[in-house]
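Q: One structure, as structure tokens, below. Some questions next.
Only the coordinates and a few stated rules stand behind these numbers; no lab work does. This one's a predicted model, so the numbers in the text were calculated from it and none came from an experiment. Heads up, the Cβs are rebuilt from the backbone with ideal geometry, glycines too, and the neighbour counts pull from every protein chain shown.
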Amino acid sequence: GESVGLHLPTLSVQEGDNSIINCAYSNSASDYFIWYKQESGKGPQFIIDIRSNMDKRQGQRVTVLLNKTVKHLSLQIAATQPGDSAVYFCAERTGANSKLTFGKGITLSVRP
Amino acid sequence: SAVISQKPSRDICQRGTSLTIQCQVDSQVTMMFWYRQQPGQSLTLIATANQGSEATYESGFVIDKFPISRPNLTFSTLTVSNMSPEDSSIYLCSVVIQGGNTEAFFGQGTRLTVV
């Protein structure tokens, strides 16, 4: 079946640097994408989303980029802080109210 | 957004027994889902909890093992039946809000250990 996956299992960055987390998806029919952050012992927390009719969306310190040509999604975190240390998941959906399919997850570790 | 309360937050259970996990939302929601997250892994959808009808199960999950109820628009339960150590996992309730954006919100999860 089609799936969503991540390129790297772990990412270590220096505090203050920018972080880029990448995600590849294979379902060309997906029209909605979400990034989640999961801290230890907690459920996934919504970070930012993007619809397939967009290629970029910005939030507070975060930017999501969508490249439908190569089916690639990325999350950029500016000025990474220790509180950004967590596992990050990309997820995709096909159509409103349909289920989310999650990628494998990547651990972001911020060095002081 | 939605506030999702899951109970219990964690439990240690004997093999062969069953555990029912409750999910309560503070507002009416369109969709409710149950996910499993095994240690160090991503989230896998177990089923969609349908209000007033049988849940829709994903491949590899069956009603006899994971019976689900959803009596109204704000509440659902997931039962893990006849547990084995392989069922040790985090179980997460997720909702999509009626009339809101389509992102899914998650409860804090139930950490289950089967011994």
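Q: Lys and Arg at +1, Asp and Glu at -1: add these up for the other residues within a Cβ distance under 14 Å of A:S74 and post the number. Each step should come with its number before you reach the end.
A: On the way: positive: A:K56, A:R57, A:K68, A:K71; negative: A:D49, A:D55, A:E92.
Local charge sum for A:S74: +1.
Q: Please check which bits of the stretch B:28-63 a label hung off B:N72 would reach, taking the label as a point 7 Å along Cα-to-C-beta and the cut-off as backbone N under 17 Å.
A: Counting only backbone N, you get B:28-32, B:50-53.
Q: Further, regarding this structure: Tell me the net charge near B:Q6. Cut-off is 14 Å between Cβ atoms, B:Q6 excluded, with +1 for each Lys or Arg and -1 for each Asp or Glu.
A: Working: positive: A:K42, B:K7, B:R10, B:R36, B:R111; negative: B:D11, B:D26.
Residues near B:Q6 contribute +3 overall.
Q: Order by neighbour count: B:S9, A:S30, A:S85, fewest other Cβ atoms within 10 Å first, most last.
A: Values: B:S9 13, A:S30 22, A:S85 18.
Arranged by neighbour count, lowest to highest, B:S9, A:S30, A:S85 become B:S9, A:S85, A:S30.
Q: Say the cut-off is 29 Å between C-alpha atoms; which of A:K68/B:K65; A:K104/B:K65; A:K68/B:K7; A:K42/B:K65; A:K37/A:K68 go over it?
A: Those over the limit are A:K68/B:K65; A:K68/B:K7.
Q: Then there is this: Using unit Cβ charges (K, R positive; D, E negative) and no other charged atoms, how large, in debye to the nearest 20, is the dipole of the stretch B:28-113 about its Cα centre?
A: Numbers: 4 positive and 6 negative charges, 31 e Å.
Its charge dipole is roughly 140 debye.
Q: Scale the Cα Rg of chain B by the rule-of-thumb value 2.2 N^0.38 Å and send over the ratio, two decimals. Don't jump to the answer; show the numbers that get you there.
A: Values: Rg = 13.3 Å, N = 115, 2.2 N^0.38 = 13.4 Å.
Normalised by 2.2 N^0.38 Å, the Cα Rg of chain B equals 1.00.
Q: Using a simple charge model, +1 on the beta-carbon of Lys and Arg, -1 on the beta-carbon of Asp and Glu, nothing else, what dipole does the protein assembly as shown show about its Cα centre, in debye to the nearest 20? Please report the intermediate quantities before stating the final value.
A: On the way: 19 positive and 17 negative charges, 25 e Å.
I would put it at about 120 debye.
Q: Under a point-charge model restricted to the Cβ atoms of Lys and Arg (+1) and Asp and Glu (-1), what is the dipole moment magnitude of chain A relative to its Cα centre, in debye to the nearest 20?
A: On the way: 12 positive and 9 negative charges, 32 e Å.
About 160 debye.
Q: Average projected area of the Cα convex hull of chain A, in nm²?
A: Working: hull surface 27.5 nm².
The Cα convex hull of chain A, projected and averaged over all directions, gives 6.9 nm².
Q: Using the Karplus equation 6.51 cos²θ - 1.76 cosθ + 1.60 (θ = phi - 60°), what ³J(HN,Hα) coupling, rounded to whole Hz, does each residue of the stretch B:64-72 give in order, writing x for Gly and Pro?
A: Those phi angles translate into 5, 8, 10, x, 10, 10, 8, x, 8 Hz.
Q: If I model a spin label at B:E86 and A:D17 as a point 7 Å from the Cα along the Cα→Cβ vector, what separation in nanometres do I get?
A: 4.1
Q: May I pose another question? For the stretch B:61-110, report the convex hull volume of the alpha-carbon atoms normalised per residue, in Å³, without decimals. Provide the component values of the computation, followed by the final result.
A: Details: hull volume 5.0 nm³, N = 50.
It comes to 100 Å³ per residue, whole-number rounded.
Q: From zero outward in steps of 5 Å, how is the percent of C-alpha pairs of the stretch A:10-75 spread across the bins?
A: 4, 15, 26, 23, 19, 9, 4, 0
Q: Give the aspartates and glutamates whose C-alpha is closer than 18 Å to that of A:K71, dropping any in the same chain fewer than 8 places away, or say none.
A: A:E2, A:D31, A:D49, A:D55, A:E92
Q: Given Cα positions, please report Rg to Rh for the protein assembly as shown, the hydrodynamic radius being the Kirkwood one. Mind showing how you got there, number by number?
A: Numbers: Rg = 17.6 Å, Rh = 18.1 Å.
Expressed as Rg/Rh, it is 0.97.
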